[in-house]
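A quick write-up on the structure given underneath.
The values are calculated or read from the model by the stated rules, or taken from the named source; none is laboratory data. If you're wondering where the values come from, they're calculated on a predicted model, not measured in any experiment. Heads up, the Cβs are rebuilt from the backbone with ideal geometry, glycines too, and the neighbour counts pull from every protein chain shown. Accessible surface is based on the protein model in full, side chains and every heavy atom, while ligands, DNA and RNA are left aside. Shrake-Rupley method; radii C 1.70, N 1.55, O 1.52, S 1.80 Å.
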Amino acid sequence: MRGQVSKRTIFAFIGPAVLGLALVGIAPLLYAAWTSLHFFNLTKLKNVEFIGLANYWTVLTDEVFWQAMGRTFFLLGTALPLQLVFGLGVALVLHKPGLTLLKTLARLSLVLPMATTYAVVGLLGQVMFNQKFGVINQLLGGADINWIGDPTNAFAMIIFWDVWQWTPFVALVLLAGLTMVPGEVEEAARLETKSWWTVLRYVQLPFLLPGLVAVLILRTADTLKLFDMVFTLTRGGPGAATEFISLMIQRVGFRGFDQGLASAQAIILLIITIILAQIYIRVFYKEV
Amino acid sequence: MNTPRSLASQIVLLLIIITICVFPFYWMVTTSLKTQIVALESPPVWIFEATLNNYREALFEDGVLRTLINSLVIAVSTTLLALLLGVPAAFALARFEFRGKKDLWFWFITNRMVSPIVLALPFFLIARNLGILDKHFTLVLIYLTFNLPIVIWIVTDQFRGIPYDLDEAARLEGASQFTIMRKICLPLAMPGVAVSAIFSFIFSWNEMMFGLILTRSEAKTAPAMAVSFMEGYNLPYGKIMATSTLIVIPVLIFALIASKQLVRGLTMGAVK
């Protein structure tokens, strides 16, 4: 029988990977679960004490935690629609026939933002959005906007970079979907109607759905993870204006030294991530 | 179908797309060539006398060169380790039948969804207790959490595309599964292996948070180093942009090489 091999052979092939990932992916999680049940402060390591679910209670009733969570989802809720709209626009432009050379160039330049080191995007933001010598204010006709020091502007700046970095990704995913539409079907539809919207809605959309679901799942996960770019750009400030969930956990754990509390926050974040992933997969993959 | 007017608007749109994508890099590189005085000029200047001083100072006086070497060593090592563990696992997932195969595959892949900060807290404490903070191999290990899933996904996919007949012919000759993998399937899967290696390298090279938390000086990575320039008041912007350029250029080259597979790598095959 094809594929029937002894248990020993299977284990020899797959065991090392499972062991490796368990060691670095599961063991730390178990340790975090243990830490989260203790009073565990890096500056008072003599007083590590079992306190049951007290850390969880603190987190669940902590307004600041839920504000960081809300901020994270607000970023997703503003940046993702922009990425979808711009991404779809770029994909449609690239999907039109003709201009092969220029389109190849555009496609290659789309790769650049996605590959850029997140930390560098944040550093670039510091330079380009500086109030005095930043090129953004100059391009806005000599505006005098304090991007980094003002809470609302700082948030807008984060949205800008997230959209800059990930619109190309959405565009390339949707372009892949557009090229799956059978050529004759699309041509027939275009003979029927002049409206590009009708073609998009009734002919192309079914082919775009799997990509859209993937974008939704991955952008949600990535937004929950977002750290490097914001850390180098605003450090979560001014005040807590751009303190997203990962930055908050980092602050509590490494600047506030309260590893027990931070671990409880991390475990709750993990649970939320898993629930969201499950919901997405159940709701969307059924329809696709 | 293409009227001159629609053609012209298409050209303009494409040029806008290219400009928006490329402009930040242009600004990064030109800023890295400015002296501190020119870099702080308000409003910013577009034409100036270029100097490589920032690069010289960053590389040789501030130790960026060493952090780049650290990043290189760590990214290459973790990629090799991920291939060593991931390729056989991918072969098993593509070729063998066993119970729980789907769940196992799913578990490998979902590791990409977990927020690194969730792992960073306990990993820091464990590394501290074991006395392995600020060591290269500590980062190599933790980077497996995102490298191994990438390698397994891409290479499994590649192995599935290789016809079974080749395996069976080899088995009739008495070849072991290991020999079949190494001598027959692996050479044919090389393109996928190379792409997964490029991705693994890019993600490791770009990573900052673990680098920041798990290293101090000896194993400090380049992105963690770039951040440390951001402390204090009179920030050396030219030097920060020079360091950023040095970090970004190699990744961009690799990404352009693998650009055709980029979307598949990032979506982990959710879109085919």
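Here are a few things to note about the model shown:
- The stretch A:240-262 and the stretch B:159-182: distance between their alpha carbon centers, rounded to Å: 51
- Counted charge near A:Val64, where neighbours are those whose Cβ lies closer than 15 Å (Asp, Glu -1; Lys, Arg +1): -1
- Degrees between helix B:101-110 axis and first principal axis of chain B (Cα, 0 to 90, nearest 10): 10
- Compared with the dominant Cα axis of chain A, that is its longest principal axis, helix A:151-178 is turned about 50°.
- The H on the amide N of A:His38, modeled in the peptide plane, is under 5 Å from the matching H of A:Ile51, each at least 5 residues off or on a different chain.
- Carbon and sulfur %, accessible surface of the stretch B:52-270 computed with the full protein complex present, 1.4 Å: 64
- Over the stretch B:199-252, relative contact order from alpha-carbon pairs under 8 Å, at least 6 apart, %: 31
- Candidate aspartates and glutamates for bridging to B:Lys183, where Cα separation is under 20 Å - those fewer than 8 sequence places away on the same chain excluded: B:Asp157, B:Asp165, B:Asp167, B:Glu168, B:Glu173
- From the alpha carbon centroid of the stretch A:186-233 to that of the stretch B:50-97 is 32 Å.
- With coordinates expressed along the principal axes, the C-alpha atoms belonging to the stretch B:56-149 extend over 57, 27, 22 Å, beginning with the largest.
- Pairs beyond 18 Å (Cα-Cα), from B:Lys101/B:Lys260; A:Lys225/B:Lys135; A:Lys7/B:Lys101; A:Lys225/B:Lys102; B:Lys34/B:Lys239; A:Lys103/B:Lys260: B:Lys101/B:Lys260; A:Lys225/B:Lys135; A:Lys225/B:Lys102
- Note on A:Lys194: aspartates and glutamates with a C-alpha under 17 Å away, same-chain residues under 8 apart excluded, are A:Glu184, A:Glu186.
- Using a 1.4 angstrom probe on protein heavy atoms only, the contact between B and A buries about 8400 square angstrom of accessible area, both sides summed.
- Relative packing of peptides B:62-75, A:53-66, A:99-112, B:4-17 - highest average C-beta neighbours within 10 Å first: B:62-75, A:99-112, A:53-66, B:4-17
- Overall form of the stretch B:109-235 per C-alpha gyration tensor (a/c, 1.5; a/b vs b/c): prolate
- Sorted peptide list for B:158-164, B:218-224, A:46-52, criterion being average Cβ within 10 angstrom, highest first: B:218-224, B:158-164, A:46-52
- Translational diffusion coefficient (Stokes-Einstein; Kirkwood radius from C-alpha pairs) of chain A at 4 °C, 1.567 mPa s, in µm²/s: 58
- A 1.4 Å probe run over the protein assembly as shown, with the rest of the protein chains in place, finds 45 Å² accessible per residue.
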